[in-house]
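Trainee: To start, I am sharing the structure in question, which I have written as structure tokens.
The values are calculated or read from the model by the stated rules, or taken from the named source; none is laboratory data. Bear in mind the structure is a predicted one, so any value in this text is a computation, not a measurement. Cβ placement follows ideal geometry from the backbone for every residue including glycine, while neighbour counts extend to all protein chains displayed.
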Ligand SMILES: C[S@@+](CC[C@H](N)C(=O)[O-])C[C@H]1O[C@@H](n2cnc3c(N)ncnc32)[C@H](O)[C@@H]1O
């Protein structure tokens, strides 16, 4: 064999191995999600070993199937089996992260994957054929209507958002312009308030208003501890709280199509003080988009019918709402803070 041919065999083998690993990716997300949905990480004793027979009894699971699930998870570093005593398991650092009280709330993300994302992602092909969110055909209603009908799912989703946003909120607060005391900020669709809390901590004396659907606002208090923002429930397609200096839209516009974004932006423009601003925190896509932005774009296609947008697309929807993009602030994440104000 010539040297060039040998080299190409090596490249092919590496590409094949990489693709095989990617093709099997669903094994890992589904086993992790199943463990979290079954409450398995929480059921293991904190320190020491737990028997799978006892775990199966306490969680009402099939003992043989549970052992096989745990064995698979152990191969990826989640749970460890006692080599001397088959069927006895203990936590690893990774499995501890899937406990419902662990920092970062990956357990909620793993549960949301199983409860909300898995079945619509299974219909990606349909969404690519039709351009419509597969979520609606799988669940029989829109994403947010489903959350409204299923409070436990809404809670899991809100905790998932908090898990994403807690990781980014500090960076947003550090990179955003400083706000003077007495300025009023409305976190529009602010969920449990992770982003608002970071902004209020970084800008002492700022008045915060957390605005979301009533059933979400009802669950929001524990996230906000000592900050006491005003809590307001409502529908941003109807109106948003009036008279603020800043309307913050973090991961809101990506849920909606351009016409729906125009309505939300218009409600904010109508409500804001003269000289007020709209702050948008979103991922930005374009040629060479980073992995999470491109995949979140597909997630929006499948789940809500929204999309991640290019900077040009944001400029267009701002212009349609009578706004112009004043500043685009790069965050040390694949996200940007876009600051818009009235065009006139
Ligand atoms: C993707 S989450 C973003 C949450 C939060 N801003 C963050 O960055 O973590 C979208 C939020 O919009 C809220 N939402 C959806 N439809 C709404 C509506 N019509 N009126 C008010 N809030 C709404 C949802 O309840 C949810 O909290």
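Trainee: Can you go through 50, 29 and tell me which one is surrounded by 15 or more Cβ atoms within 10 Å (Cβ to Cβ) and more than 17 Å from residue 93 (Cβ to Cβ)?
Mentor: Going through 50, 29 in turn, the sole match is 29.
Trainee: So is residue 308 farther than 21 Å from residue 210 by Cα and either assigned by TED's automatic domain parsing to the domain that holds residue 191 or touching a residue at least 60 places away in the same chain (Cβ under 8 Å) (or both) or not?
Mentor: yes
Trainee: Also, I was wondering about something else. Would you confirm whether any residue within the stretch 77-87 is assigned to a strand (DSSP E or B), in contact with a helix residue (DSSP H, G or I) (Cβ under 7 Å, 6 or more places away or on another chain), touching a residue at least 12 places away in the same chain (Cβ under 8 Å) and closer than 22 Å to residue 34 by Cα? Don't jump to the end; show me each part of the working.
Mentor: Going through the stretch 77-87, the residues assigned to a strand (DSSP E or B) turn out to be 80-81.
Subsequent filtering for residues that are in contact with a helix residue (DSSP H, G or I) (Cβ under 7 Å, 6 or more places away or on another chain) retains 80-81.
From what's left, touching a residue at least 12 places away in the same chain (Cβ under 8 Å): 80.
When the remaining residues are screened for being closer than 22 Å to residue 34 by Cα, the result is 80.
Scanning the stretch 77-87, I find at least one residue that is assigned to a strand (DSSP E or B), in contact with a helix residue (DSSP H, G or I) (Cβ under 7 Å, 6 or more places away or on another chain), touching a residue at least 12 places away in the same chain (Cβ under 8 Å) and closer than 22 Å to residue 34 by Cα, so the answer is yes.
Trainee: Which pairs turn up if I take residues in the stretch 211-234 that are in the same structural domain as residue 184 (by TED's automatic domain parsing) and at pLDDT below 85 and look for partners that are in a helix (DSSP H, G or I) and surrounded by fewer than 19 Cβ atoms within 10 Å (Cβ to Cβ) with beta carbon separation below 7 Å, at least 6 apart in sequence or on another chain?
Mentor: Sorted first by the residue in the stretch 211-234, then by its partner, the pairs are 219/155.
Trainee: Going by the structure shown, is residue 69 assigned to a helix (DSSP H, G or I) and out of contact with any helix residue (DSSP H, G or I) (no Cβ under 8 Å at 6 or more places or on another chain)? Outline the logic, then answer.
Mentor: Details: assigned to a helix (DSSP H, G or I): yes; out of contact with any helix residue (DSSP H, G or I) (no Cβ under 8 Å at 6 or more places or on another chain): no.
No; evaluated as a whole, the condition is false for this residue.
Trainee: Out of curiosity, is residue 265 modelled with pLDDT of 95 or more and closer than 19 Å to residue 296 by Cβ? Lay out the reasoning, then the answer.
Mentor: Numbers: modelled with pLDDT of 95 or more: yes; closer than 19 Å to residue 296 by Cβ: no.
The answer is no for residue 265.
Trainee: May I pose another question? Of the residues 306, 286, which single one is at pLDDT 95 or above, in a loop (DSSP other than H, G, I, E, B) and farther than 25 Å from residue 177 by Cα? Steps first, please.
Mentor: Values: 286 fails: at pLDDT 95 or above.
Of the residues listed, the single one that is at pLDDT 95 or above, in a loop (DSSP other than H, G, I, E, B) and farther than 25 Å from residue 177 by Cα is 306.
Trainee: Still on this structure: Only one of these conditions is not met by residue 106: (1) in contact (Cβ under 8 Å) with a residue 40 or more places away in the chain; (2) surrounded by fewer than 18 Cβ atoms within 10 Å (Cβ to Cβ). Which number is it?
Mentor: (2)
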